[in-house]
Every structure is written in C-alpha cells, then in structure tokens.
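Written below as structure tokens is the structure these notes are about.
The values are calculated or read from the model by the stated rules, or taken from the named source; none is laboratory data. What you see is a predicted model, and the numbers here were worked out from it, not measured in a lab. Please note: Cβ atoms are built from the backbone with ideal geometry, for glycine as well, and neighbour counts cover all protein chains shown. Ligands, DNA and RNA are stripped out before the accessible areas are found, and what is left, the full protein with its side chains, is counted by its heavy atoms. Shrake-Rupley method; radii C 1.70, N 1.55, O 1.52, S 1.80 Å.
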Amino acid sequence: MPGRPPRHRLYRRSVPLAAAAVLAASLLAGSAQADDPTPADAALTADLNALLADSRLANAQTGVEVLDAATGQVLYAHQPQALLTPASTMKTVTSTAALDLLGADYRFSTEVRTTGTRYGSTLVGDLVLRGGGDPSLLVKDLDDLATQVAASGVTTVTGRVLADGSRYDSTPLGPGWAWDDEPYSYSPQISGLTVANDSEYMMDTVQVTVAPGAAGEAAKVTLNPAEAPMAFTGSVATGAAGSGSSVGVDRKRGSNELALSGSIAAGAAPVTSWVTVEDPSTYAGRVFAGALARHGVQVVRGDVQAATGRESSQPLVSHQSQTLAELIVPMLKISNNGIAEHLTKEIGKVKGGRGDWATGVNQVQAFLKANGLSTPAGRQVDGSGLSRYDLITPAKMADLLRIVQGKPWFDAWYNALPVAGNPQRMVGGTLAARMRGTKAENNVHAKSGSMGGVDNLIGYATAPDGRRLVFAVMVNDFAGTSPRPLLDAIAVRLATGPAAAPAGTAQQRVKSLTAPTSGDGQDTYTGTRWEDCEAVAHC
C-alpha cells in the first residue's frame, strides 16, 4: 500500500489513512453471519469461487452477492451477511435515501438578508449571508449574489457581513473521521454555509499555487480565492532549472496556518495544492465580502463575523442550487464526500428537524426500513463512508440496488453511477481507468469504495443475454497487494458470461478476466487508497 501522495498533490481521496480507535456511538446493532445459500448458477459459482481463491484474499474478509435484478434470485453468494466496512459505497445508501426523502427536484437556497433599516442606497445595519446547506455553492455564485446586491441599489452598509451557517449543527467533522485527514480536500468541514472553488464542488478548500521565481529567489505563492484566511510560515525556494520540485504545503491542525517548505525548479510549471479551511461559514463570508467590494458595495465596518442564526432580518436576494438529481452526479461519479454529508444533514433538517448526523442517519435508516431493508442490522454514522464505524452487509447493498429500480428517480441515479472504462470524467468517474477493453466497458455501472485495507465495488452489469445483474463485492482487512483486479474480474465475468471452455476448467476460464498484466504475468495495478487517482493520475 502506498504512502501519502506528494505533499503538493493534495487531491481528494474518499477515505481516511488511519483507522478509528474507539467506537463513539452505535446507531444499530450488528448481525450474525449466515451460511452461504445454495448457488443458482453453477458456472458462475465455479468462476467466482476460483477468483475468490486468489492468494491476495488470504486472511481477508470477503463478502459477495449477485442477484438477478428483475427477479431477485440469488445467483451467487459468499458470506453475504458479513458486516463489512463500506467506505464510499455508503454513498449509494445516502444518495438513494436523499432522492426518495427530499425528491429529485430538491434545491438548496442561499440568501442575502438585511438587518436594520435601509435609507435609499444606505443600509443602516448588517448584510447576512445565510447558508441553506448548498454543497455546490461556488465562488462565482457568491459573486453573482454580490452583483444582485449592487443591482438592488445598496451601495453602503454601515455594519458588517454576517456569515450564517446555522442551518446545520456546529460539529464540522463526522464520527470516526481520521484526524490526519483533516487538511485534505476529501475531508472538508461540514457547515450550513460553505463555498467551493471548482466545478467539481471541492467545498471548503483553497487552491494554493506555488510558482518559481529566478533561481535562488523565493517562489511566489498565491491563493484562490484571494480572500481565503490563510497565513504562511516558511517559504519555498526556487532551485536551478531542472533540479526538480518538492513543494510542501501543510496546514497546521486546528488553524489556517500553512507551513511552506521545499523547492521548485526555475522554469518549472506552477504547483497547485487543495487545502481545507477552518470555519467554512466565515470563509464563505469573506469571499462574499470581497465580491461586494469589487461590485462597489462598501461595508463600513469591513469585518466578517459569524451570525447566531437568531438575527431578525429581511430577505434581499437569493441563489438556487442545481437539482438534487444533478448534484448526485459529482457525488457518485467522483465520490464527493462533502455532498454526501450535506445531504445527510439536510435530510435530518427537513425530515427530522435537526441538521446533524444522528438525525439524518436515523431518517436514512427509516428509508431503508420502509423499503424492507431493516435487516440484517448494521451501523451507519455518516453519509460518505469516511468513517470506519460504518458497517453494512453485501446482501443489504445488493437488495438496495434491486429495490430502487422501481423508483421514479432510478434512471437519473443509475446514470449518475460511474461507468466502467469510460474516459470522460463525468461519465466514467472513479471507474474511468478500470475494466477498459473488456465486456464491462460502458456496461458496468457501479460505485467503488476504498480505504486502507478496504476495497469494494457494488453496482449493475448487463449479461450477454440482456439480463441486468446486481452485484456487491466487499473486501476488508487485506494487507499487501491490492485485490482490486479481482473485484474488476468479477464485474467483467458478469458482463461477459461463461467463457467458451470445457466444464471443469473454471480456473482457466477466469484467468482471461483478470486485470491487464505487464506481459510477465505480474499485475501492473499497484493499488491506491485514493479513488480519484484512477481518473486524474496524480498519485
């Protein structure tokens, strides 16, 4: 298993580096593991049993279930009731619950409100930027809101900008999230008001770009957006041309202090890091205040403070997000953790009256129960699967995928799943580089999920006879060589059907279904804990 990516490449990964040590709270009780049912497809059973006999799975915990999507018939099962860590496959549970409970057309609203009294172009009072939980609020959206404020005729605000993130509770990080993941973009702090700085909604992050100067001089460091409240210590040196680059941008825990270190070669391309920011709502407020100034709105007091959420205010202008059906695309395709967590808290707020993880998860579990999925029991504490406290069985995952086929929003959800082997970023997503050149390419729609010692794949495959199959493959507690090629081989086998070979040679048949090799029989796949690396190749 590889170590951390180079420090200047802080791309999101979907899961923590370190396991949680103590269970803070258990929302649901565990269940006992059942015996494997009698297989319904002898050829499939032989092939998958051969794959699961691979030495990479020695001493690992593996659970697999394959269903006929139309009838629910179990075609293959191996420890289907084993309670396993889902990692990012938990997003299938969260996204289906959100679509069902909130609706595919649900939108988030961000408002600018006023306190005090307006006299012509002067507001004697404060501007309140009230977050509505939008996980996709962009820097340009805040600029648009500032444009609307200016267009309303307000040119002077005697008070402050108040940033209101009170729609959700004040707990920014989920139960069991690893502390050493906090600076990284895949582990954003969750707030009712947050801002993203790219089209993939990498919320609560700032881009830190280091560009070389002349050899021997300090490198130039810039922030995007410029209003991000970051302070720097240290520096990055500019080395001789061709000397190589080793840029360190490290955020001190619990603060917005960035420690700079290392060097960048003269003439080299700039290096950009994505780093999370403490206090997302105030960060968004600062970006909004900067936009107001650019559009000619003077805020006399000039400072940004946190709102209490209890201020008496009147609406001025607002911004609406895309629909939920649109937002689940980046959530599932590129495994956006922040969107998943916002949906969890939003479900809690709308359906349970509290925007916190416990209430949201309780509502998600009620959705599962209403759809006949209350057993076997498991445990869920967040929406993205970042937590190692989460536990679920392959059987429940497979049953969920079978049941949601009858939902009115199913087509939108199915199309939001990553598509194997498709190189387009918002089609293939985390599966863009996987299963290429096989029958699974542009066939398998599935969600991946991985962290140290965990690799899962659940989704759909269309068999050669036209049947849609549901599969859930979950591998936990492996060490050493990654078993990911075996997960892909199972999906490829479902899409390919039985190979044309005499009976009794299952091992020979499945050999052609494994991942591409270097030609000497050794797998070229090296494994990673960062799902995004498959698509952007930056690990």
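Within the range 142-168, being touching a Gly at 6+ places or on another chain (Cβ under 6 Å) and of a type in the set (Asp, Glu) holds for one residue alone: 164. Scanning the range 217-258 for residues that are touching a Ser or Thr at 6+ places or on another chain (Cβ under 9 Å) and at positive phi yields 234, 244. Being under 18 Å from the mean Cα position of the chain (by Cα), more than 15 Å from residue 168 (Cβ to Cβ) and part of a helix (DSSP H, G or I) is true for just one of 343, 332. Which residue is that? Only one candidate qualifies: 332. Taken as a whole, the condition of being under 28 Å from the mean Cα position of the chain (by Cα) and aliphatic (A, V, I, L, M) does not apply to residue 292. Among the residues making up the range 423-447, those that are of a type in the set (S, T, N, Q) and open to solvent by 20 Å² or more (accessible area, probe 1.4 Å) are 424, 438, 442, 443. Note on the range 162-184: among residues that are under 25 Å from residue 222 (Cβ atoms) and buried (at least 24 other Cβ atoms within 10 Å of the Cβ), the one that is farthest from the chain's Cα centre (by Cα) is 163. Here residue 411 meets the list (1) open to solvent by 40 Å² or more (accessible area, probe 1.4 Å); (2) free of Cβ contacts under 8 Å to residues at least 40 places away in the same chain; (3) under 20 Å from the mean Cα position of the chain (by Cα) almost entirely, failing just condition (3).
When 52, 67 are checked against the criterion of being closer than 28 Å to residue 333 by Cβ and within 32 Å of the chain's Cα centre (by Cα), 67 stands alone in meeting it.
Listed here are the residues, each with its yes/no results for (1) surrounded by fewer than 21 Cβ atoms within 10 Å (Cβ to Cβ); (2) closer than 16 Å to residue 65 by Cα; (3) out of contact with any strand residue (DSSP E or B) (no Cβ under 8 Å at 6 or more places or on another chain); (4) modelled with pLDDT of 90 or more.
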site: 462; (1), (2), (3), (4): yes, yes, no, yes
site: 489; (1), (2), (3), (4): no, yes, yes, yes
site: 507; (1), (2), (3), (4): yes, no, yes, no
site: 525; (1), (2), (3), (4): yes, no, yes, no
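Residue pairs whose Cβ atoms lie under 7 Å apart, sitting 6 or more positions apart in sequence or on different chains, and linking a residue in the range 341-362 that is under 11 Å from residue 97 (Cβ atoms) to a partner that is buried (at least 24 other Cβ atoms within 10 Å of the Cβ) and of a type in the set (Lys, Arg), are 360/345. Summed over the range 150-168, residues that are more than 14 Å from residue 288 (Cβ to Cβ), in contact with a helix residue (DSSP H, G or I) (Cβ under 8 Å, 6 or more places away or on another chain) and β-branched (Val, Ile, Thr) total 0. The condition of being under 19 Å from residue 69 (Cβ atoms), in contact with a Leu (Cβ under 9 Å, 6 or more places away or on another chain) and without any contact (Cβ under 8 Å) to a residue 40 or more places away in the chain holds for only one of 419, 404, that being 419. Restricting the range 354-405 to residues that are among the charged types (D, E, K, R) and within 18 Å of residue 84 (Cβ to Cβ) leaves a set whose member that is surrounded by the fewest Cβ atoms within 10 Å (Cβ to Cβ) is 379. Looking across the range 86-135, just one residue is free of Cβ contacts under 8 Å to residues at least 40 places away in the same chain, surrounded by 18 or more Cβ atoms within 10 Å (Cβ to Cβ) and in a loop (DSSP other than H, G, I, E, B), and that is 125. For the range 276-311, residues that are assigned to a loop (DSSP other than H, G, I, E, B), hydrophobic (A, V, I, L, M, F, W, C) and more than 27 Å from residue 250 (Cα to Cα) total 3. Filtering the range 442-454 to residues that are in a strand (DSSP E or B) and free of Cβ contacts under 8 Å to residues at least 40 places away in the same chain leaves only 445. Taking into account only those residues within the range 267-283 that are open to solvent by 10 Å² or more (accessible area, probe 1.4 Å) and small (Gly, Ala, Ser), which is farthest from residue 306 (Cα to Cα)? Going through the qualifying residues, I end up with 267. Could you please give the count of residues in the range 48-75 that are among the hydrophobic types (A, V, I, L, M, F, W, C), under 15 Å from residue 454 (Cα atoms) and either touching a helix residue (DSSP H, G or I) at 6+ places or on another chain (Cβ under 8 Å) or open to solvent by 30 Å² or more (accessible area, probe 1.4 Å) (or both)? The total comes to 3. May I ask you to list the residues in the range 456-474 that are in contact (Cβ under 8 Å) with a residue 60 or more places away in the chain and assigned to a strand (DSSP E or B)? Selection gives 456, 457, 458, 460, 468, 469, 470, 471, 472, 473, 474. The set of residues from the range 190-248 being more than 24 Å from residue 337 (Cα to Cα), of a type in the set (Ser, Thr, Tyr) and surrounded by fewer than 18 Cβ atoms within 10 Å (Cβ to Cβ) comprises 222, 233, 235, 243, 246.
Considering every residue within the range 169-178, establish whether at least one is among the charged types (D, E, K, R), closer than 18 Å to residue 295 by Cβ and in contact with a helix residue (DSSP H, G or I) (Cβ under 9 Å, 6 or more places away or on another chain). Checked the range 169-178: no residue is among the charged types (D, E, K, R), closer than 18 Å to residue 295 by Cβ and in contact with a helix residue (DSSP H, G or I) (Cβ under 9 Å, 6 or more places away or on another chain). Of everything in the range 247-264 that's in a strand (DSSP E or B) and among the hydroxyl-bearing types (Ser, Thr, Tyr), which residue is nearest to the chain's Cα centre (by Cα)? It comes out as 261.
Restricting 213, 234 to those that are within 30 Å of residue 266 (Cα to Cα) and touching a Leu at 6+ places or on another chain (Cβ under 9 Å) reduces the list to 234.
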